[in-house]
Every structure is written in C-alpha cells, then in structure tokens.
C-alpha cells in the first residue's frame, strides 16, 4: 500500500513539473527591420518564471566583412511577476560590406532561459533597392518598360530562353517641379537568388520638369547559364540624376527612381540550338545578314556553337546545315553535351561560279537522336537561319546571239564582214567581249568592232568582225565565235561560211581544166621541128 501511494505521488509530482515547464514562457518584443548603416535598437524581454536569461545574436559574414552585434546586458535575471527587462542591441556594419541587390540579409536572435529554454526571433535588414538608398526628391518615375525578344525563342516579359536577344524600351518621366540634369538610365539582370548576371547603362540626358524620355536597352542572355538553373531573372532599371534648380531646397542633390520585373527563364526544356555563327570570321546573329558580300566561285569558312540551353544532358544528337539552291547539305554528329554547355563546329561551303546574285539563307537544324528536330514547350523547332548576299564574279544568263554575213559576197583574197547581234538577257548590267578563233588556216582577223562593251538588261549590241580571206580560202570554211560575259565564257559557237574563188584565179583554173594535153603535145612538137628547120635553113644560106 505504501509503495502504491509513493508511486502515485511521484507521478503527480512529475506531472506538475512537466506542466510547469510547459507553461514557462519567455516573450520578446518585436524587432524592427534594420537599415544599412550601423546603429542600435531596443527589445523588451519578459518571463512567467524566475530564471536567468542569456541573449546571443549570430554575426553576418560576407568574405572578410561582417555585421556584428553586442547586447547590453548579455545575461540578466527575470522573476515570475512578469518583470520586463530592456536590452539594448548595437550592430556594426563593416565598411565595404555590400548589401547586394536582390539578396536578403538576416540573422537569428536567441534567448536562452534556464527554465523556459530557447526562444528565437529573426532580425532582418531592409531589402536593398537599386537606387542604393538615394531618395527621389526630384520625383523621377520609371513610367513604363516594354520588353521585346528580337531574336530567340522567348516572349516579351513573360518568359525568356538562354541566348535570347532582348530589347527593353524604358520611359522615364520627370513628375517633379524641378529640372533634372545628367539623367542616367542603368540596368542590371540578377537571378532570383540575387546573383548578378550582367549590367549596363545608357548615355545621360537632361530631363526638364514635366518632360519624359524613352531609351532602348539591348542585351543578349548569353552569360552564366548555370546560375539560372531553377532560378528566374530579375530585370532592374533605374534613372538617376542631379536636381538643377536654384529655387529647390534639393538643388544639386541626387535623385533616383527604380523599377524591376521578374521574368521566367525556361531551362527545363530539352532544347539545343545553333548560335554564334561566323561566316569568314564575322558573327551573324540568328536571322541576320552578313555585312560583307560574297563573290561567286569562292569558299565560305563557317563556324559556330551548338548550345544545350536546357539543364539535362543530351546524347546522340546531330545537326544538319543546308542551302538547296546552292546544292549544299551536310550532317554533323555531336558528342554528348551536358546541360548549359556547348560544342564547336566548323566547315567550308563553296559558292558555285554560276550562282545567281541574290540573298541566300544558310539553315541549321539540330536533331534529337530519334531524328526529330528539337522542340521547346511552345513547339518552336531548333532552326537557325543566317543570310549572306552573293554579288560579283557570277556567271550571267546566256545572251541571245545571232550571226549574219554583212558582206555582199565572200571571195577568196578579199575581206569578209560578219555581223553578230547580241542581247543581254540577264536581269543586271553585264560586260561582254566578242572574239573568234579557229580561222588561221584560211583567214586573218583584222578587226572586231566593238570588241568589249556593257549592256544593260534587255539591250542589244551589233558587233562587226572583219576577216581578210587568203587567196586559197575558197570553199566551205568555219570559225568559232567566242562570247564572254563578266569573265565567263557564255558561247563558243561554230560559224560556217562558203568562200568563192576570185575571177582571175577562176579563169586560169577553167583554162587548164579544159586543156587537151595530147593535142597540145603534138602542136608543141611541130613547133619545135619548125624552129629547128628554120635554124638549119638560115645556116645554109649564110654559107652561100
């Protein structure tokens, strides 16, 4: 019986103690949000128990710089009559400690009571603004921000993909009563975790009261890809200047206004694209045109990068590049590419000599291992086009050529004139040259008039070739008419002519052709005998 009573008493005592500890409470007044300069604040601590209380605050460390806290008092006694203790807390911010834009800075205050246990509260610092604490006494206003994805796969301010080229139009308004001079628009892109990715500024300008001005900011999201894993982007912009009005109590003081926009960054898609394409060393943006022109019959040196702009590794991928008009097409296998990584490529493309002078696209398509083109969640395919213009040294369209004899007769030993009529059937001006060969055995070329000339599209030129025919040239003869345009041979055309014999040469030919050589032989023999008789007779007469 005694043992049972003792057990009951022990249980009751333990229950009372547990209930006492459970109801033991330390309370702490609210802690203000602290600014970015060293200072102090007060807190009040109470307890419903008689106990000793200790207070501690963790320091905030940034490299070699710190924010430290000292409490006065650090340890104190409280009684159960709900006594209140005021504690003064001083905090010191080292010179050079930077409250980075987009990051939060806080620490933990811990109260430890030997009866109540631990009680904690968070101490936070003000969020850093892009104006770095500069007041807006001049009433500047970032009135509007308009985002536009110039090239890439994003959509204005809704979402961006890595490697997007973005333009932002920022309208700044002076809503105050004083002029502001040297207004500078600055911008910065951070991750939502507060890591700076890139920044820049725009040339300054003056802004009188009541006026507004719009500036354009341009950037490409091509830096620190990996920092955007599971993070979005925050675009900050500010307009800062100096108040310029002697009647203002803030004359010559700085004034600043800022705004920000959070944009979704798409990195969860399996998506690879071709970027940073260079043609002959010059970078050409997606859908851009090479500034230098290309001549026909030349080689293009092409290089670039295949970017994996998603977070997951891509295996057994490949890309194709082609231009059907130029008859070019190649496929290049890719190695396994980790998320936010890239692979280089380079190759040569030959522009044929008979290419037309025009603008040509060069198309890149990146394929998954199953052969499909990569697509993002908006069903945009991984297709990149860059353009180059072919001008000069190109073969032109074949001209229309007709050949006629301009001479009334073609007789051996005399001149022969051939008329060539040439029409430029190309869409542009062209320089033509007319000449001939293959005639040296029966004639010489005295003149080509004109030999070289320029024709606009659709116009005609008459060219005269004068040949001096050899005496032995009678009969059917031929020569080759050669026409070049812009340095290319456009025609090598055989021309047939029939050359007549001269009259004197024809007479002797007819005479000898009809001669009976047997009769003429008898006549010649008789003449010789007659001459011999005459000679003998004369000698006999002289002797007498």
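Assorted remarks:
- Ordered by the count of other Cβ atoms within 10 Å of each Cβ, fewest first, 145, 163, 198, 272 give 198, 145, 163, 272.
- Estimated 222 nm signal from helices in the chain, with DSSP H stretches of n ≥ 4 weighted -39500 (n - 2.57), rounded to 500: -4000 deg cm²/dmol
- 0 to 90° range, to nearest 10: angle between helix 503-514 axis and the chain longest Cα axis: 50 degrees
- In terms of the mean number of neighbouring beta-carbon atoms within 10 Å, the peptides 109-120, 386-397 order highest first as 386-397, 109-120.
- DSSP beta bridge pairing in the range 274-389, given as percent antiparallel to the nearest 5: 95 percent
- For the peptides 164-175, 253-264, residues were scored by their other Cβ atoms within 10 Å and the scores averaged per peptide; the highest-first order is 164-175, 253-264.
- Rule-of-thumb Rg ratio for the range 274-389 [Cα; 2.2 N^0.38 Å; N residues]: 1.09
- Note on the chain: Rg/Rh from C-alpha atoms, Kirkwood Rh, equals 1.45.
- Between the range 229-300 and the range 306-325, the Cα center-to-center distance that results, in Å: 25 Å
- Computed over the alpha-carbon atoms, the range 24-124 gives an Rg to Rh ratio of 1.03, Rh here being the Kirkwood radius from the mean inverse distance.
- DSSP-defined antiparallel bridges as percent of all bridges, the chain, nearest 5: 95 percent
- Cα shape, the range 140-265, gyration tensor, a/c 1.5 rule: prolate
- Between helix 2-23 and the chain: long-axis angle, C-alpha atoms, 0 to 90°, nearest 10: 60 degrees
- Interatomic Cα distance distribution for the range 188-329, bins of 5 angstrom, percent: 2, 7, 12, 13, 12, 12, 11, 10, 8, 6, 4, 3, 1, 1, 0
- Intensity falloff of the range 400-499 expressed as log10 I(q)/I(0), Debye formula with alpha-carbon point scatterers, at q = 0.11, 0.13, 0.20 Å⁻¹: -0.33, -0.45, -0.93
- Seen against the Cα atoms of the chain and their longest principal axis, helix 517-543 is set at about 50 degrees.
Read the figures in this text as sums done on the coordinates, not as results from a lab. Quick caveat, the model's predicted, so the values are computed rather than measured. A quick note on method: Cβ atoms are made from the backbone with ideal geometry, for glycine too, and the neighbour counts reach across all protein chains shown.
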